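Below: one structure, written as structure tokens.
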Amino acid sequence: MSEIKVYKPNHFSYFMKNYGVYIGLIILLSISGILSPQSFNPVGLLNIAKQTAGLGIVSIGQTMVILTGGIDLSVGSIITFIHVFSIGTILGNAQLVLPVSLLCLLLGLFFGFLNGLGITKARISPFVMTLCMDFILRGLYLIYTKGQPRGIVPNNLRFIGRGRVLNIVPVAFLIWIVIAILFIVILYRTTWGARLYAVAANSRTAQLSGVKNDTILISVYALSGLLSAVAALVLTGDIGAVSLGLGRDYSLDSIAATVIGGTSFVGGIGGVEGTIAGAYIIKLLTSLLQKINISNTGKLIIQGVLILFIVGAYSRKKN
């Protein structure tokens, strides 16, 4: 009588797959502590967390997009557009911050909705649709500013970017973590989240099961646009000035944070919990390279190699 083999899961592989990114984060934190012991303390770590908040927020939207097998290359231009539009409309008037901020959130939602509409109804690929939206928004904010952005950031808007609760915990960090927890719950504990993973895993099967695939995809891109607008307001409050280059790196950095966090380009694998660490790793890596006097060019090379390694490792595992 042949022996029946019982499958035993590889606990180490499971741990690395789900929490390996946090091991990488701990290693980077340790290196940072060795290179700069004076900044390796709760205050220093919270400062990096504050600097990471904008990237962390926009990366949550990018994560949901990549989970569906798509990509959003327009988030950087959405950030810049909302940034210059909000400052140029508020013009230092503190009473206008709330209504203009709400308008900006609606604009971000609208831009994302247009992306989703083009992808689902016109059947344009996510890469092409979001790249074209990126170009369109660049043109719009250059027309709006005439190449010379102006405006003053009032103190109540600065507070969400620079303020601290009890003079310790950055408000921007709290906004990021609350949004992250909210979307973790949405993805794992709601019908919408289950349907998103179903569409990502097998869109045909999901459709046959009654899931409205187009509705899910449109909502995902709309949320990505909305979160880009939130990130833009947080970043605007943080830098306290107007800049046409604010969102320049955020499209690629949000993709990097998502992939480093364990979300796969094939769709259906990953989640926001890994992206939190991924975003922190991107900012911590930038900080470390600055400490050892390596330019932004070096950061791009290292970031590219890191993504290639992670994607390559995943592809090898699949085969």
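One line per residue, one yes/no per condition, for (1) of a type in the set (Ser, Thr, Tyr); (2) buried (at least 17 other Cβ atoms within 10 Å of the Cβ); (3) farther than 30 Å from residue 41 by Cβ:
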| site | (1), (2), (3) |
| --- | --- |
| 172 | no, yes, no |
| 178 | no, no, no |
| 197 | yes, yes, yes |
| 216 | no, yes, yes |
| 226 | no, yes, yes |
| 235 | no, yes, no |
| 248 | no, no, yes |
| 254 | yes, yes, no |
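Keeping to the range 224-273, report how many residues are of a type in the set (A, V, I, L, M) and farther than 23 Å from residue 98 by Cβ.
Counting residues in the range 224-273 that are of a type in the set (A, V, I, L, M) and farther than 23 Å from residue 98 by Cβ gives 10.
So, residue 32, is that one at pLDDT below 80, among the small types (Gly, Ala, Ser) and farther than 30 Å from residue 290 by Cβ or not? Taking the combined requirement at face value, the residue does not satisfy it. Go through (1) at pLDDT below 95; (2) surrounded by 20 or more Cβ atoms within 10 Å (Cβ to Cβ) for residue 158 and report which single condition fails. All conditions are met except number (2). Taken together, the residues in the range 137-155 that are surrounded by 13 or more Cβ atoms within 10 Å (Cβ to Cβ) and either closer than 16 Å to residue 81 by Cβ or among the β-branched types (Val, Ile, Thr) (or both) amount to 11. Among residues of the range 238-297 being of a type in the set (Gly, Ala, Ser) and at pLDDT below 80, the one that is farthest from residue 79 (Cα to Cα) is 268.
Going residue by residue through the range 214-224, is there one that turns out to be of a type outside the set (Phe, Trp, Tyr) and more than 22 Å from residue 130 (Cβ to Cβ)?
no
Among residues of the range 96-107 that are surrounded by fewer than 19 Cβ atoms within 10 Å (Cβ to Cβ), those with a beta-carbon under 8 Å from a residue that is polar (S, T, N, Q) at least six positions away or on a different chain give the pairs 96/89; 103/89. Being farther than 26 Å from residue 22 by Cα and either free of Cβ contacts under 8 Å to residues at least 24 places away in the same chain or among the acidic types (Asp, Glu) (or both) is the filter here; which residues of the range 226-271 pass it? Residue satisfying the conditions is 238 alone. Would you check if there is a residue in the range 35-43 being without any contact (Cβ under 8 Å) to a residue 40 or more places away in the chain and closer than 18 Å to residue 281 by Cβ? Yes, the conditions are met somewhere in the range 35-43. Summed over the range 247-284, the residues that are among the β-branched types (Val, Ile, Thr), in a helix (DSSP H, G or I) and within 17 Å of residue 69 (Cα to Cα) give a count of 6. Out of the range 256-290, which residues are of a type in the set (Ser, Thr, Tyr), closer than 28 Å to residue 217 by Cβ and surrounded by fewer than 24 Cβ atoms within 10 Å (Cβ to Cβ)? If the condition is that a residue be of a type in the set (Ser, Thr, Tyr), closer than 28 Å to residue 217 by Cβ and surrounded by fewer than 24 Cβ atoms within 10 Å (Cβ to Cβ), then 264 is the only one that fits. Of all the criteria given as (1) hydroxyl-bearing (Ser, Thr, Tyr); (2) over 18 Å from residue 251 (Cβ atoms); (3) surrounded by fewer than 16 Cβ atoms within 10 Å (Cβ to Cβ), the one not satisfied by residue 120 is (3).
The criterion of at least 2 residues that are touching a residue at least 60 places away in the same chain (Cβ under 8 Å) is met by the following helices (runs of 4 or more DSSP H) wholly inside the range 121-225: 126-145, 155-162, 171-189, 191-201. Within the range 194-215, the residues that satisfy the criterion of being more than 25 Å from residue 175 (Cα to Cα), touching a helix residue (DSSP H, G or I) at 6+ places or on another chain (Cβ under 6 Å) and not small (Gly, Ala, Ser) are 195, 199, 207, 211, 213, 214. Of 82, 71, 31, 87, all but one fail to be among the aliphatic types (A, V, I, L, M), within 19 Å of the chain's Cα centre (by Cα) and assigned to a helix (DSSP H, G or I); the exception is 82.
Among the residues of the range 40-68, those identified as within 14 Å of the chain's Cα centre (by Cα) and not small (Gly, Ala, Ser) are 51, 52, 55, 57, 58, 60, 62, 63, 64, 65, 66, 67. On the stretch given as the range 49-83, residues that are surrounded by 24 or more Cβ atoms within 10 Å (Cβ to Cβ) and in contact with a strand residue (DSSP E or B) (Cβ under 9 Å, 6 or more places away or on another chain) total 1.
The values are calculated or read from the model by the stated rules, or taken from the named source; none is laboratory data. Since the model is a prediction, treat every value here as computed from it, not as a measurement. Every residue, glycine as well, gets a Cβ built from its backbone with ideal geometry; the counts of neighbours run over all protein chains shown.
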